[in-house]
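A short worksheet on the structure shown next.
The values are calculated or read from the model by the stated rules, or taken from the named source; none is laboratory data. Computed from a predicted model, the values in this text were never measured in an experiment. Cβ coordinates were reconstructed from backbone atoms using ideal geometry, including for glycine residues, and neighbour counts include every protein chain displayed. Quick note on the areas: whole protein, heavy atoms, side chains included, nothing else; ligands and nucleic acids left out. Shrake-Rupley method; radii C 1.70, N 1.55, O 1.52, S 1.80 Å.
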Amino acid sequence: MTEGSSNKLLNGDSSCHRTSNGKTKNGFVKNHCLFQQPPKKYRRPGEKNQNVPYNTSLYKRPYVESFEETPLLVAVLTYMGYGILTVFGYLRDFLRHWNIEKCHVAKERAEQKDFVPLYQDFENFYTRNLYMRIRDNWNRPICSVPGAKMDLVQRVSPDYNWTFQHTGKVVKDVINMGSYNYLGFAENNGACAEASLQATHKYGVGVSSTRCEMGNLNIHEEMEQLVARFLGVESAMAFGMGFATNSMNIPALTGKGCLILSDELNHASLVLGARLSGSTIRVFKHNNMQSLEKLLRDAIVHGQPRTHRPWKKILIVVEGIYSMEGSIVRLPEVIALKKRYKAYLYLDEAHSIGALGPNGRGVVDYFGLDPKDVDIMMGTFTKSFGAAGGYIGGKKDLIDYLRKHSHSALYATSMSPPVVQQIITSMKIIMGEDGTKLGADRLRQLSENTIYFRQRLREMGFIIYGNNDSPVVPLMLYMPAKIGAFGREMLKRNIGTVVVGFPATPIIESRARFCISAAHTREMLDKVSLHLITTFITLSYWLLTSSAQSIYFPQRS
């Protein structure tokens, strides 16, 4: 890369970061592409597309992402829907206060009337008046392996979702479009299940101690060596919980006098870890390199607040795949900025490890980059490997330091031996060290399924977010009434989906999220696509016939 092209990119060439009208929304870059391609024709006139210059020294493959702006009419109707629900919520609270309506929520005792209220904030208002209307879409009990298909325990609510009762019946063969089972290793047969069974007979289920005491088994060390080899780093260490891998290790890496630059859409575990560290936190717009570079420049020029001393460390924190947006981090540009401004990079590959790259080694492998350019490589075993826990990989000095200073390493109980064996066996399959091509076949199948499903949804006119190669596929619903109705209607058609709304997403960007798996067949994906059409036709009919009661409120049985 020449000096001129490097400066043009890193100094914020506007053509690489803005849409045709120069506008962005919530930090998203609308339909940007870093490879020049022929203009695409979209069926929806509101969708924007732009071809921008690219730099072959940074990107070795096309990088295409799409985020369609919420139409004005839809945004207005969505706000009206939330407004109506809020007004009725205050009315119901008034009726509960005067005992006209039965109150199911927790409240303070009479002798605590002089205390500060514990339950009367707006979050609890939202929970009891809005979330409770559609609560039946979450926490559904599963009574089988959560593979490509699953069995759900049927339940009903006699009191509008305040409590649930099991009917004793089971809904069989529900297509699972919600689990993070990207490579299909969440199964109870095959090489992984057999190896885990043998490990159970040999070691038992629990270790009942920490790694630094009496809980360090030989398979723990074998797993960590395998992880380091898989990632292409000097050393790695594992933890029993993916959330704690972030929240307990970031405080060990940074502290007072350090600066954390965090993507605005980072996971809650990263946000919590940054807050617990005591470091100064500054947030940059999602995947926006201009925003990130501006923060880096300001940090170096101005230093710490008041004293203006140089920051002890500057840590950039990003994710590989953002699980609510389906977008892939612009890692080549992040690494270029990190090198230029001498910062450190923390990469969370919870959703990308095993799901991206020709070898399944995550976003670094996807872009063909050197793992040594990422200072801290974090990931989880809970998704592509069908197990539990998380890991951190990097230089040996870094891992040795974390073994002595990480709360998760010192105080957490060791990982269960069967879980460790599941990780070892599945990782060897992905690497091809089992002597078969099963891993390569699953990686190829996941990629084909992802591209096929995204293409089908676009052809049918649905609005979806994210990168073309991301197995996380958000389908936009927008209106609050659609959140609960969509989940229920899909379940009636034996399809299990995850629906997401405010506050997990912006208030006008509610969505359904599909997670593609290598275990899905083409017939399953076609069936899901077909039922998406019938579901939206049903929802449209309800809206046109003004049967809002059946959308906002679930039936009693």
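Structural remarks
- Number of residues in segment 315-334 that are open to solvent by 10 Å² or more (accessible area, probe 1.4 Å) and hydrophobic (A, V, I, L, M, F, W, C): the value is 1.
- Test: residue in segment 170-178 that is over 30 Å from ARG403 (Cα atoms), among the polar types (S, T, N, Q) and part of a loop (DSSP other than H, G, I, E, B): no
- Which listed residue is open to solvent by 10 Å² or more (accessible area, probe 1.4 Å) and farther than 25 Å from ILE84 by Cβ, from MET460, MET479: MET460
- Failed item, numbered, when HIS405 is tested on (1) at pLDDT 95 or above; (2) in contact with a helix residue (DSSP H, G or I) (Cβ under 7 Å, 6 or more places away or on another chain): (1)
- Tabulated pairs, segment 89-106, first more than 17 Å from LEU130 (Cβ to Cβ), second open to solvent by 100 Å² or more (accessible area, probe 1.4 Å) and at pLDDT below 80, C-beta under 9 angstrom, 6+ apart or interchain: ALA106/LEU118
- Residues of segment 269-293 classified as without any contact (Cβ under 8 Å) to a residue 12 or more places away in the chain and surrounded by fewer than 18 Cβ atoms within 10 Å (Cβ to Cβ), total: 1
- The single condition among (1) open to solvent by 60 Å² or more (accessible area, probe 1.4 Å); (2) over 27 Å from ASP348 (Cβ atoms); (3) not β-branched (Val, Ile, Thr) that ASN494 does not meet is (1).
- Of all residues in segment 502-523 being open to solvent by 10 Å² or more (accessible area, probe 1.4 Å) and in contact with a Ser or Thr (Cβ under 8 Å, 6 or more places away or on another chain), the one that is nearest to MET150 (Cα to Cα): ARG513
- Spans of helices (runs of 4 or more DSSP H) in segment 180-265 with at least 2 residues among the β-branched types (Val, Ile, Thr): 218-231
- Conditions (1) modelled with pLDDT of 95 or more; (2) within 21 Å of THR78 (Cβ to Cβ); (3) open to solvent by 50 Å² or more (accessible area, probe 1.4 Å); (4) of a type outside the set (Phe, Trp, Tyr); number of the one not met by ILE537: (1)
- ASP375, sole failed condition from (1) in contact with a Phe, Trp or Tyr (Cβ under 6 Å, 6 or more places away or on another chain); (2) buried (at least 19 other Cβ atoms within 10 Å of the Cβ): (2)
Every residue, every condition in (1) within 15 Å of GLY184 (Cα to Cα); (2) in a helix (DSSP H, G or I); (3) at pLDDT 95 or above; (4) among the polar types (S, T, N, Q), yes or no:
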position: VAL419; (1), (2), (3), (4): no, yes, yes, no
position: LYS428; (1), (2), (3), (4): yes, yes, yes, no
position: GLY484; (1), (2), (3), (4): no, yes, no, no
position: ARG488; (1), (2), (3), (4): no, yes, no, no
position: ILE508; (1), (2), (3), (4): no, no, no, no
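- Qualifying residue in segment 348-357 (condition: modelled with pLDDT of 95 or more and out of contact with any helix residue (DSSP H, G or I) (no Cβ under 9 Å at 6 or more places or on another chain)): yes
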